[in-house]
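**Q** Below: one structure in structure tokens.
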Protein chains: 2
Amino acid sequence: MSYQRMASDSPVARASCTQCHLPELCLPRSLPCGELLELADIALVSSPIQRGGIIFKSNSPFRAIYAIRSGMVKQYYECSDGQQKILGFYLPGEMLGFDGIAKGRHQYSAATLETTTICELNYEELKWVCSRTERLDERFHCLMSQEISKENESLLLLKSKTAEQRLAIFLNSLSCRYKQLGYSANEFKLSMSRAEIGSYLGLTIETVSRLFSRMQREGLIESHHHTLRILDPTHLHALCSEQC
Amino acid sequence: MSYQRMASDSPVARASCTQCHLPELCLPRSLPCGELLELADIALVSSPIQRGGIIFKSNSPFRAIYAIRSGMVKQYYECSDGQQKILGFYLPGEMLGFDGIAKGRHQYSAATLETTTICELNYEELKWVCSRTERLDERFHCLMSQEISKENESLLLLKSKTAEQRLAIFLNSLSCRYKQLGYSANEFKLSMSRAEIGSYLGLTIETVSRLFSRMQREGLIESHHHTLRILDPTHLHALCSEQC
DNA sequence: CGCGAGTTTGAACTCGCTCAATGAATGTGG
DNA sequence: CCACATTCATTGAGCGAGTTCAAACTCGCG
């Protein structure tokens, strides 16, 4: 995989949050029109970034929060040996970069998994808008709180789910998020590699591959290359909620 | 273990953040005096809560953020079978409850591990003070950001550390936090049970117990009942930073 | 066509788990 | 104050889910 130039070098344009089809998921959710305009005023939309494009690098100065407009992004920790540990995948309407606020530097790196456009929200400007817009500040708190909840879920997953349950939960999560975006819940593209799925779920490539094979053999899913079809959503759900 | 009445029923008093010895860690860090007074005005200090006291229950309405003033608190998920999965331990100066903001309900439960006093910060009032005090709002963002970073660390720990490394990192983390509080870095009380440590680290009681025994045999630590002495901090550090 | 990255499959191993028994500490009621 | 109950911790033996190592297969691309 070849990495592109930094996304921050991409040509940018002022965002028009009012015309974006994602405001009901993204930061501006349920913001009155006037305040939406203020937010749009500080949001910069990137031009499309190819697969493998870097959004930010671990340890680089923190300047902005990023919202995915289209495509998909992975956030990961880079080990000293070059290995990547995937911390999360981000879909349209989702935001990342909050972990940089505390230390003034990004703690992890983020890269695109497919052609992606992002909205960049300069943190200083965002704080300024937040300070004058109670609703927005509240929404910002909510999003960080959501991120915390999401990570707690992941912690529980890693602590007490079997390999099969982890994969089921992962596929189910993608399914739900795609559905919410108006895409098919039962047929979508898996932009990430087996290695990335494994790293995210705390499993090896081989285990992930075997699980895909088994689930396919059992008629639960159909997976070819990077396309996935969920054939038996009920059974998949059952796997997700098994025991503790 | 017997549970006490809810902490929210505890007699409370207005806090005097100005006289607390923790403001350099807690929410008010580097806040100018005047703003500190505003914060103190909304902070309620609980009377001491005995071991096993509930601070909040999973699914209860979210009203406040809590800061530990003294003692120790665990946050945990309660399985349907009554089992607890520990998500984190909180020491004086640390804050918890952020995960409740997004959904308006606490996602997890929190209970004291020893006699503890807490500061309760009503979220609505806190937002009001934040909206008029830029520095405080920033600090609030920082604390949530820190929580996100801390959980990302935990995710990495669960994904790729051996049982021994996990325990070493855990003990080291406690050591650092106690040191920062002005206590001994190499001798402190482990208020949590082996089961709680195991649950937190994604290990079984037996494994934790065996690791304590082994580390003791190897002269790394000395552990009796709930007291811990780190005999070889250098070696412990080495374990923490081993490979990836 | 041949190369290389990514994936699949098999076989053997291992770390941490499960099950089980014992020991130590704390609390309780007579 | 002591027997008994109860909870928590320790230790051992055997097992198994997932890993490691290795080989084969697939597919896109020069």
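The values are calculated or read from the model by the stated rules, or taken from the named source; none is laboratory data. These figures come from a predicted structure and were not determined experimentally. Cβ placement follows ideal geometry from the backbone for every residue including glycine, while neighbour counts extend to all protein chains displayed.
**Q** Quick one: B:Leu190 ticks every box in (1) within 14 Å of DNA strand D (Cβ to nearest atom); (2) closer than 21 Å to A:Leu158 by Cβ; (3) crowded, with 19+ Cβ neighbours inside 10 Å bar one, so which box is it?
**A** Looking at each condition in turn, B:Leu190 falls short on (2).
**Q** In this structure, does B:Thr133 turn out to be more than 10 Å from chain A (Cβ to nearest Cβ) and among the polar types (S, T, N, Q)?
**A** No.
**Q** Only one of these conditions is not met by A:Glu147: (1) within 16 Å of DNA strand C (Cβ to nearest atom); (2) within 14 Å of chain B (Cβ to nearest Cβ). Which number is it?
**A** (1)
**Q** Of these, A:Ser149, A:Ser191, which one is under 27 Å from A:Glu24 (Cα atoms), assigned by TED's automatic domain parsing to the domain that holds A:Pro61 and modelled with pLDDT of 95 or more?
**A** A:Ser149
**Q** Filtering the range A:83-117 down to residues that are assigned to a loop (DSSP other than H, G, I, E, B) and more than 10 Å from chain B (Cβ to nearest Cβ), which residue is nearest to B:Glu151 (Cα to Cα)?
**A** Selected residue: A:His106.
**Q** What's the number of the only condition in (1) within 16 Å of DNA strand C (Cβ to nearest atom); (2) crowded, with 20+ Cβ neighbours inside 10 Å; (3) farther than 30 Å from A:Ile86 by Cβ; (4) not polar (S, T, N, Q) that B:Ala168 fails to meet?
**A** (3)
**Q** Taking the stated definitions as given, is A:Cys176 crowded, with 21+ Cβ neighbours inside 10 Å, under 26 Å from B:Glu147 (Cβ atoms) and free of Cβ contacts under 8 Å to residues at least 60 places away in the same chain?
**A** no
**Q** Mind checking whether some residue in the range A:72-80 is away from DNA strand C (no atom under 16 Å from the Cβ), within 19 Å of A:Leu39 (Cβ to Cβ), assigned to a loop (DSSP other than H, G, I, E, B) and at the interface with chain B (Cβ under 7 Å from one of its Cβ atoms)?
**A** The answer is no, given that none of the residues of the range A:72-80 is away from DNA strand C (no atom under 16 Å from the Cβ), within 19 Å of A:Leu39 (Cβ to Cβ), assigned to a loop (DSSP other than H, G, I, E, B) and at the interface with chain B (Cβ under 7 Å from one of its Cβ atoms).
**Q** Taking the range A:77-95, which residues are touching a residue at least 40 places away in the same chain (Cβ under 8 Å) and either among the hydrophobic types (A, V, I, L, M, F, W, C) or in contact with a Phe, Trp or Tyr (Cβ under 6 Å, 6 or more places away or on another chain) (or both)?
**A** A:Gln84, A:Lys85, A:Ile86, A:Leu87, A:Phe89, A:Leu91, A:Met95
**Q** Are there any pairs, at least 6 apart or on different chains, whose C-beta atoms fall under 7 Å, with the first in the range B:188-205 and away from chain A (no Cβ under 13 Å) and of a type in the set (D, E, K, R) and the second near DNA strand D (Cβ under 9 Å from one of its atoms) and assigned to a loop (DSSP other than H, G, I, E, B), and if so, which?
**A** What qualifies is B:Lys189/B:His226.
**Q** I would also like to ask the following. Is there a residue being on the phi > 0 side of the Ramachandran plot and surrounded by fewer than 22 Cβ atoms within 10 Å (Cβ to Cβ) anywhere in the range A:99-115?
**A** Yes: one or more hits.
**Q** Report yes if B:Glu138 is part of a helix (DSSP H, G or I), surrounded by 19 or more Cβ atoms within 10 Å (Cβ to Cβ), away from DNA strand C (no atom under 16 Å from the Cβ) and of a type in the set (D, E, K, R), otherwise no.
**A** no
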